[in-house]
1. Can you sort Leu62, Leu168 by how many other beta carbons sit within 10 Å, fewest first?
2. What are the chymotrypsin sites (Phe, Trp or Tyr not before Pro) within the stretch 62-170 that DSSP puts in a loop, where the Cβ has at most 15 other Cβ atoms within 10 Å?
3. If the chain between Thr99 and Gln127 were fully stretched, how many nm would it gain, using 0.36 nm times the residue separation less the Cα-Cα distance?
4. Of Lys39, Lys164, how do they rank once you tally other Cβ atoms within 10 Å and put the fewest first?
5. At a 10 Å Cβ-Cβ cut-off, how would you order His16, His197, fewest neighbours first?
Amino acid sequence: MHNRPLPDPALVACLHCDLVQRLPVLAPGDAARCPRCDKLLWRHGADVLNRTLALTVAAGILYLIANLAPMLGLEAVGRTAETTVLGGAQQLWRDGRETVAVLVLFTVVIAPALQIGFLIAILLGAQRPCPPRWIAPLLRMHPATQIWSMIEVMLIGVLVALVKIAELATVVPGLALYALAGLAVSFAAIQSIFDPHEVWERIEWADTAEARVQDLGDVAPEAP
C-alpha cells in the first residue's frame, strides 16, 4: 500500500506547538485558538478574497504612480532637479555603489511588483469554479515577496535624508513619495486581511484530480 494524504482540510497543525487538531466550523468574524498554547490558528474573515483583490488593485495603481512620477525635487541656487525611484537606483550605480543600487532596485521595484502580480493571479484564479493548480506554487512563493518588499525601509531612509538636506536646499516632495506611503499602508492592510487558508480550501486535492482524470478516461468513447 502507498501512503496517501488524508483529504481532510479541517486537520491543521499549530505553527507554535505543532499540535494537530481539527478546526471547527467558524462563522465569518470568528477565530479559533490552539487549546495547548492559546495561539491564533485561524480567523474566518468576511469576503476575504474580494476585499484583498480590491486592496491589491489599489496597490498596483499606487505602484505605477510611485515608479513613474517624480519622488523628490531639490531647489538650490536657482536650480531645480527631480528624481524618481528608478533614477535613484541608476544614480547609485553611476556613483559606484552597485550593490546598494541592486538592493534598492530589487526591494523597492522588483519585489513589490512580484508581490502584487502573484497576489492578483492567486485571487483571480481562486475565484474560478475550478481553481488551477498553479495557484499552489504561487501561494508558497508569495511570503518571500513580502519579506523582500521593503517600501517602509526606503521611506524611513528618504525621511532621514530629507531632514539632512533641508538645511542645504529646498526639498519638494513629489507625487511618488505620497504614492509610496500609500503603497506601504496598502501592503499592511493586505497582510492583515489576506488569509491563504481561504485559497487552500478551494484547491482540489491531487488524488481527487487524478481520480477525475481517470474517470473521464474510463467513460471516453472508443475510436471507431
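Read-outs throughout are calculated quantities, based only on the coordinates presented, and are distinct from any laboratory measurement. None of these values were measured; they are calculated from a predicted model. Here the Cβ is made from the backbone with ideal geometry for all residues, glycine too, and neighbour counts use every protein chain on show.
1. Leu168, Leu62
2. Of the chymotrypsin sites (Phe, Trp or Tyr not before Pro), the ones in loops of the stretch 62-170 whose Cβ has at most 15 other Cβ atoms within 10 Å are Trp134.
3. Result: 6.0 nm gained on full extension.
4. With the fewest neighbours first, Lys39, Lys164 line up as Lys164, Lys39.
5. Lowest to highest Cβ neighbour count: His16, His197.
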